[in-house]
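First the structure, in the form of structure tokens, and then the observations on it.
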Amino acid sequence: MSRGAFWRGYRDGAPFILIVVPYSMLFGVVARDAGLDLLQTMSMSVLVIAGASQFTALALLKDQAPVFVALLAALAVNLRMAMYSAALVPHLGHARLGTRALMAYLMVDQAFAVAVNRYERPPPMTPADKVAYYFGCMMAICPAWYGFTLLGALLGQAVPPELSLDFAVPVCFIALTAPLIRSLPHALAAAVAALASLVFAGLPWSLGLFVAALLAMLAGAQAELALRRRARRRQAA
Amino acid sequence: MISDSAFWTLTVLLGLGTFLIRFSFLGFLGRRQLPDWMLLHLKYVGVAVFPALVTPLVIWPEATGGEIDPVRIVAAGAAFLVGLRVSVVWSIFAGMGTLYLLQYLAG
């Protein structure tokens, strides 16, 4: 494992600690409010490490929804990660099975976005460096996730609503998206995703997100093919 | 009150299910070469998922009970522009800073 690549990953993942801290603390507080004890709160954060789905599951359980309903709703929130998993295959698929399993456990939005953004930019990385870089990113994010869930659960005090920390989540994803927009097809895909997410917001089980993302991927891919065809025609002419 | 059995069943199954979702392609396909059409689409996963996740949160924020809040839309725009031009860290500061500033000005 390359040390340089690991620390570069750490450095590139570190800004997201800013977001993970309030978000994980909030989970700790909300979980204790819902009546979970310390062990339960921490078990959920460690076993699942996927904030949005944990909030979903907790809210539904608190409303006395049947367990399988809460489970399916929370899993639907995480379905997007299957797309991350597929997108990481060309970069990380070479690793050993155990390493791939560990990378899968640690696959959160921030690590995926930071890593893919780096992999697709010059200079190209060696396969071993890609793995090291990925773990570096997660080394920045994951301990903060565990640690501040615990702190939130211990303090048990909500962040004052005047701080509008709910907005930290969208801002985080906006900060993740901006550097990914590198070409016209990327911009088009992002625009389709934004629009379609509003159009399909009414779908149950957070499926609107999934449908919007699939449409956006199609739009991006088709735009890229169209640009390639045009370039070829120009060359031929 | 959440019962212990409901909690543990849910948490263990959610942990397992989430792991399987994350493991799916990376775990089972491994070093197999993906077909070109799939690679073409996978290049757009990031720009497809994140805007779809964010847009409803910005347009219909839970904190306002789903009411459209111009302050949040402007703050989101600021975060996006700064993210395009400058960096991730400044994008986060620009987004939250604009939100606080406008909320303060609006009283």
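Brief remarks follow.
- Residue within the stretch B:66-73 that is in contact with a Phe, Trp or Tyr (Cβ under 8 Å, 6 or more places away or on another chain), surrounded by fewer than 24 Cβ atoms within 10 Å (Cβ to Cβ), free of Cβ contacts under 8 Å to residues at least 12 places away in the same chain and at the interface with another protein chain (Cβ under 7 Å from one of its Cβ atoms) present: no
- For the stretch B:1-48, the candidate set comprises residues that are part of a helix (DSSP H, G or I) and either in contact with a Cys (Cβ under 9 Å, 6 or more places away or on another chain) or among the small types (Gly, Ala, Ser) (or both); within that set, the residue that is modelled with the lowest pLDDT is B:Gly46.
- Every residue from the stretch A:86-140 that is of a type in the set (A, V, I, L, M, F, W, C), surrounded by fewer than 17 Cβ atoms within 10 Å (Cβ to Cβ) and in contact (Cβ under 8 Å) with a residue 60 or more places away in the chain: A:Ala128
- Residue ranges of helices (runs of 4 or more DSSP H) in the stretch A:105-190 with at least 1 members in contact with a Lys or Arg (Cβ under 9 Å, 6 or more places away or on another chain), closer than 21 Å to A:Ser45 by Cα and assigned by TED's automatic domain parsing to the domain that holds A:Leu39: A:109-119, A:127-155
- Flag if A:Phe16 is surrounded by fewer than 18 Cβ atoms within 10 Å (Cβ to Cβ), at pLDDT below 90 and either assigned to a helix (DSSP H, G or I) or in contact with a helix residue (DSSP H, G or I) (Cβ under 8 Å, 6 or more places away or on another chain) (or both): no
- Hits in the stretch A:197-237 (condition: modelled with pLDDT under 90 and within 8 Å of chain B (Cβ to nearest Cβ)): A:Ala201, A:Gly208, A:Leu209
- Going through (1) at pLDDT 95 or above; (2) surrounded by 19 or more Cβ atoms within 10 Å (Cβ to Cβ) one by one, A:Leu165 falls short only on (1).
- The listed residue being modelled with pLDDT of 85 or more, under 20 Å from A:Gln54 (Cβ atoms) and surrounded by fewer than 22 Cβ atoms within 10 Å (Cβ to Cβ), out of A:Pro170, A:Pro143: A:Pro143
The values are calculated or read from the model by the stated rules, or taken from the named source; none is laboratory data. Everything quoted here is computed from the prediction, not taken from an experiment. Positions of Cβ are backbone-derived with ideal geometry, glycine not excepted, and every protein chain shown enters the neighbour counts.
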